């Protein structure tokens, strides 16, 4: 059975959560937005996924910076200062008595339109700001036994078509890639750039390990991943050679280890790409995480604890 890095065990507490819509709290079953909302009609908006640990929003400044940069690129005024939006997120978590094991989806759309049409000038309301906090933690099996990837035909395109740096609601290319990978029996999609080099996955960032070196894409055709950058920094701080460069699928198939990164699961191993097995196998054929992946998982968890203890 296929799965992905965003799989989690269901938590009954999520049925009772309060969701924040434009500063008001609503029970889950009553939380609604207009059918005329720009996000529903056109996917016109930006979003972030944020982790709450020990009562602290991990890497909140980086997430808000990316959100506001995306909104500016879309010529969209959020209507709140960054500190005000952070306070709204914290207040929402407090209203739900949440402390740890929480994943937050922050979504900002251009707002309600007078009629279903793309022109931003017919927007008649301030932006719609939705905060959904849920009790969600990655499955232990994902972090231990890894995921399988399939290289899809859908590419990460040039920025003059749709800039991959934008964390927008318009994710159809990633959804199409995910569908193709699932139909091929894989867990997630590996996507190439317009030149045929490895770019990223449909919802995570991709790394390989070759001869003790960590490689990831140039970053030219993928979102500016916050966890991706964190892992690169951890490598440099711990004298693990790391390179942002162009490389091909041949380099991937011959890699010693591979892994993906993301806000939700952190660092998760990759066991297979296009049917090529990566990493080590126990005698009975069971996948075993490689030493670099395990080291980076430990370093990332240490950083999470340190930063969230510091505040």
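Please treat every number below as a calculation from the coordinates, not as lab data. Quick caveat, the model's predicted, so the values are computed rather than measured. All Cβ positions, glycine included, derive from the backbone under ideal geometry; neighbour counts span all protein chains shown.
Semi-axes, largest first, in whole Å: what does sqrt of 5 times each Cα gyration tensor eigenvalue give for region 12-135? Before the final figure, lay out the partial values.
Values: eigenvalues 128, 59, 22 Å².
Sorted largest first and rounded, they come to 25, 17, 10 Å.
May I ask for the angle, rounded to the nearest 10°, between helix 172-183 and the longest principal axis of the chain, with both axes built from Cα atoms and the value confined to 0 to 90°?
Orientation of helix 172-183: about 40 degrees from the principal axis.
For a quick check, take a GNM of the chain with Cα springs below 10 Å and name the residue from 177, 12, 265 with the largest mean-square fluctuation.
Largest GNM mean-square fluctuation: 12.
For 214, 108, 33, 154, what's the fewest-to-most ordering of other Cβ within 10 Å of each Cβ? Provide the component values of the computation, followed by the final result.
On the way: 214 23, 108 26, 33 17, 154 20.
Lowest count first: 33, 154, 214, 108.
Could you please rank 61, 229, 66, placing first whichever residue has the fewest other Cβ atoms within 10 Å of its Cβ? It would help to have the intermediate numbers written out before the result.
On the way: 61 11, 229 15, 66 20.
The most exposed by this proxy come first: 61, 229, 66.
Before rounding to the nearest 500, sum -39500 (n - 2.57) across all DSSP H runs of length at least 4 in the chain and divide by the residue total; then give [θ] at 222 nm in deg cm²/dmol. Numbers along the way, then the final one.
Working: 9 runs with 92 residues, N = 311.
Here the helix-only value at 222 nm equals -8500 deg cm²/dmol.
What shape does region 82-152 have by the C-alpha gyration tensor, where a ≥ b ≥ c are the square roots of the eigenvalues, rounded means a/c under 1.5, and otherwise prolate means a/b greater than b/c and oblate the rest?
On the way: a/c = 3.82, a/b = 1.44, b/c = 2.66.
Because a/c hits 1.5 or more and a/b fails to exceed b/c, region 82-152 counts as oblate.
What residue among 63, 53, 195 has the largest mean-square fluctuation in a Gaussian network model of the chain, using Cα springs under 10 Å?
Top of the fluctuation ranking is 195.
Using only Cα atoms, locate the centre of region 60-92 and the centre of region 112-137, then give the distance between them in Å, rounded to an integer.
The distance from the Cα centre of region 60-92 to that of region 112-137 comes to 14 Å.
Normalised by the residues of the chain, what does the relative contact order come to in percent, with Cα pairs under 8 Å and at least six apart? Can you show the working numbers first?
Working: 618 pairs, mean separation 59.2, N = 311.
So the answer I get is 19 percent.
Could you work out which residue, out of 257, 144, 81, moves most in a Gaussian network model of the chain, that is, has the largest mean-square fluctuation with Cα springs under 10 Å?
The residue that fluctuates most here is 81.
As I understand it, the value is the acute angle between the Cα axis of helix 82-95 and the longest principal axis of the Cα atoms of the chain; what does it come to in degrees, rounded to 10?
Rounded to the nearest ten degrees, it is 90.
Please express the Cα-Cα pair-distance distribution P(r) of region 243-311 as a list of whole percents, one per 10 Å bin, running from 0 to the bin with the greatest distance.
Histogramming region 243-311 at 10 Å steps yields 18, 41, 29, 11, 1 percent.
Taking neighbour counts of Cβ atoms within 10 Å as a proxy for exposure, in what order, fewest first, do 56, 183, 113 appear?
Values: 56 18, 183 11, 113 24.
Result, fewest neighbours first: 183, 56, 113.
Could you give me the percent of Cα pairs per 5 Å distance bin for region 186-311, shortest bin first, beginning at zero and ending with the bin that holds the maximum distance?
The percentages, shortest bin first, are 2, 11, 22, 25, 21, 12, 6, 2, 1.
What's the angle, to the nearest 10 degrees (0 to 90), between helix 60-73's Cα axis and the longest principal axis of the chain?
Approximately 70 degrees, to the nearest 10.
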